[in-house]
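Reviewing the structure listed below.
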Amino acid sequence: MTLVPTALPEPWPEHDRRLAVGASGLLATFNAAGVLEASDVHVARRVGDLGGESDDRVLLAVAMAVRGVRLGSVCVDLTTLADLAPDLPWPEPATWSAAVAASPLVAAGACRHEGSLVYLDRYHRLELQVRDDLLSRAGALPPDVDEPALAACLDRVAGGHFSPEQRAAAAQAARQWTTVLTGGPGTGKTTTVARLLVLLADQAQRLHGRRPSIALAAPTGKAATRLQEAVTGELAGLDAADRDLVGSPDALTLHRLLGWRPDNTTRFRHDRGNRLKYDVIVVDECSMVELTMMGRLLEAVRPQARLVLVGDQHQLTPVGAGAVLADVVSGFDGDPASPVASLTENHRSTEDIKSLAEALRTGDADRVLEVLRRGGDEVEFVETDDPGPVLHDDALVSALAVRRAAEAGDAPAALAALDRHRLLCAHREGPFGVRHWNRQVERWLAEATGQPIYGEWYVGRPILVTSNDYALEVYNGETGAAVLGADGRLRAWVSGSERLRDYAPGRLDAVETMHAMTIHKSQGSQAERVTVLLPDDTSRLLTRELFYTAVTRAQEHVRVVGSEAAVRAAVSQQAQRASGLSARLAVARHADERNETETGAR
């Protein structure tokens, strides 16, 4: 198993990287070099004090494991960490691994050591749980299926855009408890899901005499809304009887689905002792689901409920630790009984965007540049060191459209205008960052309207919710706008998974202006036109997954603003995370295959 160490994050301000007071030895050296933050050092020292460990090498391994989780890895590989900063005094891997293996911290279970991998205990347990739950669901007796009825229903829903590949994926999913449906943009994942729901509802009616309860979920409110709208749109093209079989599935964020608890940030109301009621659970945008959330989901789903995990494994990995979707796809690769159903045929008419996405998936920088420079109605490449004049027109037109609708008190129109153009940045700070460009668009808006913007809230302010507020029922990733009410007061309208909701602006704490947004925050959303602002080629955030995610947010047109060097840097660097899940799934499957072979031989 080859594990590439997680890249260094976006540079943090010096005052946020304070030296760990009292640190010495290797911890102080790596903290001073900027590899470890003070928090990493403090946790490692505290764990060492509690566990009676003073070996500098072991404490460094623990600190690196803490750092790894902070940056998205589930574990760290002691044999590859030196690649992060080759000039630092890294311990020799073999003796380092031996020191960790002999540590009282491992004996006490505070951290875990497997080969060259070091885990914090919590993430080791989560990884084992996710593996066990997935294998248990995959190895269970399959659900009962009325095969003649399944074939008839497949023929009935085959009208419109439903390829043989999609038909095969839907049929496969109808015959198993767990399905991992993957595919890039335009491959028809939602079309397949909608028809799969009809198949499952038809089976439930025939075998059990009732309509199944269905939940459509996603990590963010925006993604849940998009899934519900897309499925409803697909069902609208089918027979009324089939639509009635499915009904109106609930659309929820994962946090709402599992039941948020105000007394616990890592546990939910639904778990192994209080399973979810739903017969069918579809989770979209699974590339955004981190290890902890996947663990909580798997333990809450009833063994006899269908679970459909949908996503594109080539997109950005989650903000939290882990890359579960990619690990599951890789871990089941080559298994004839794999729960993974992959869609590869693109059905969209946006051929140039499709070509660009494919070139990014394969890591072909020359092809990426060829598609970008060829231009056309869908793809545009602007090579410039001064992005301001390039960004001005689209950003201002979008801001003015939102403002005009907001001044007229038309909340639906204001929110619809938000999805016509999206300015995406890799960074939050600096000249290529969201904060800078939000301020710049506000200056352009003030100049165009002759109305200076003095405060945080103003008519037409586009907003992005950045954390869940369960009391108000607003959720991370939802978007909205400040709209003028009939009484002359501003109301903040938010597009949720069920309906538009309005609030007094002062009640919304965790929101930020969204004239520009980070590519990470754009996951789960789309816009007709997308402008991608690439930083310079030295940016540590430039990765193939980041670029791919940005490009595939566009429905009709994508414009990339940056340099050839930045494009090549993005294509050449992949954001891989240290994790053992893929290998655990593969090892477990091969062990089962050997056992079956030996049993058969006897």
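Numbers below:
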{"read-out": "Matching residues, the stretch 67-102, being in contact with a strand residue (DSSP E or B) (Cβ under 8 Å, 6 or more places away or on another chain) and either open to solvent by 40 Å² or more (accessible area, probe 1.4 Å) or of a type in the set (S, T, Y) (or both)", "value": "S97, A101"}
{"read-out": "Residues of the stretch 38-54 satisfying the condition of being within 17 Å of L120 (Cα to Cα) and assigned to a loop (DSSP other than H, G, I, E, B)", "value": "G52, E53"}
{"read-out": "From the options V283, V289, V319, residue that is under 16 Å from the mean Cα position of the chain (by Cα), open to solvent by 70 Å² or more (accessible area, probe 1.4 Å) and closer than 30 Å to R529 by Cα", "value": "V319"}
{"read-out": "Residue ID - farthest from E456 (Cα to Cα), chosen from residues in the stretch 474-515 that are touching a residue at least 60 places away in the same chain (Cβ under 8 Å), open to solvent by 20 Å² or more (accessible area, probe 1.4 Å) and in a loop (DSSP other than H, G, I, E, B)", "value": "E498"}
{"read-out": "Qualifying residue in the stretch 444-452 (condition: open to solvent by less than 10 Å² (accessible area, probe 1.4 Å) and over 28 Å from the mean Cα position of the chain (by Cα))", "value": "yes"}
{"read-out": "Options A218, A241; residue that is surrounded by fewer than 24 Cβ atoms within 10 Å (Cβ to Cβ) and either within 23 Å of D146 (Cβ to Cβ) or at pLDDT 90 or above (or both)", "value": "A241"}
{"read-out": "Single condition F162 does not satisfy, out of (1) surrounded by 19 or more Cβ atoms within 10 Å (Cβ to Cβ); (2) not in a loop (DSSP other than H, G, I, E, B)", "value": "(2)"}
{"read-out": "Filtered residues of the stretch 200-238 (kept if touching a helix residue (DSSP H, G or I) at 6+ places or on another chain (Cβ under 7 Å) and among the charged types (D, E, K, R))", "value": "D202, R206, R210, R211, E234"}
{"read-out": "Close pairs (9 angstrom Cβ cut-off, 6 or more residues apart or separate chains): of a type in the set (S, T, Y) in the stretch 361-388, open to solvent by less than 70 Å² (accessible area, probe 1.4 Å) and not in a strand (DSSP E or B) anywhere", "value": "T384/V390; T384/S563"}
{"read-out": "Failed criterion for S213 (all others in (1) open to solvent by 50 Å² or more (accessible area, probe 1.4 Å); (2) touching a residue at least 40 places away in the same chain (Cβ under 8 Å) hold)", "value": "(1)"}
{"read-out": "Residues located in the stretch 33-58, provided they are closer than 16 Å to A108 by Cα, open to solvent by 20 Å² or more (accessible area, probe 1.4 Å) and hydrophobic (A, V, I, L, M, F, W, C)", "value": "V47, L50"}
{"read-out": "Qualifying residue in the stretch 183-198 (condition: touching a Pro at 6+ places or on another chain (Cβ under 8 Å), buried (at least 23 other Cβ atoms within 10 Å of the Cβ) and closer than 19 Å to G233 by Cβ)", "value": "yes"}
{"read-out": "Residue under evaluation A566, criteria (1) surrounded by 17 or more Cβ atoms within 10 Å (Cβ to Cβ); (2) out of contact with any Asp or Glu (no Cβ under 7 Å at 6 or more places or on another chain), criterion not met", "value": "(2)"}
{"read-out": "Odd one out for R275 among (1) over 21 Å from G186 (Cα atoms); (2) open to solvent by less than 70 Å² (accessible area, probe 1.4 Å)", "value": "(2)"}
{"read-out": "Given (1) more than 16 Å from the chain's Cα centre (by Cα); (2) open to solvent by 10 Å² or more (accessible area, probe 1.4 Å), index of the condition L542 fails", "value": "(2)"}
{"read-out": "Qualifying residues in the stretch 455-473 (those that are over 19 Å from the mean Cα position of the chain (by Cα) and hydrophobic (A, V, I, L, M, F, W, C)) - the one least open to solvent (accessible area, probe 1.4 Å)", "value": "I463"}
{"read-out": "Of all residues in the stretch 376-416 being not acidic (D, E) and not in a helix (DSSP H, G or I), the one that is nearest to the chain's Cα centre (by Cα)", "value": "V379"}
{"read-out": "Residue within the stretch 521-530 that is closer than 19 Å to V567 by Cβ and either among the β-branched types (V, I, T) or open to solvent by less than 40 Å² (accessible area, probe 1.4 Å) (or both) present", "value": "yes"}
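Every residue, every condition in (1) modelled with pLDDT of 95 or more; (2) among the β-branched types (V, I, T); (3) farther than 30 Å from G433 by Cβ, yes or no:
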{"residue": "V4", "(1), (2), (3)": "no, yes, no"}
{"residue": "A23", "(1), (2), (3)": "no, no, yes"}
{"residue": "S39", "(1), (2), (3)": "no, no, no"}
{"residue": "V66", "(1), (2), (3)": "yes, yes, no"}
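The values are calculated or read from the model by the stated rules, or taken from the named source; none is laboratory data. Predicted model only: the values in this text are computed from it and were never measured. Don't worry about glycine lacking a Cβ; one is built from the backbone with ideal geometry, like all the others, and counts go over all protein chains shown. Side chains included, ligands, DNA and RNA excluded: accessible areas come from the protein's heavy atoms. Shrake-Rupley method; radii C 1.70, N 1.55, O 1.52, S 1.80 Å.
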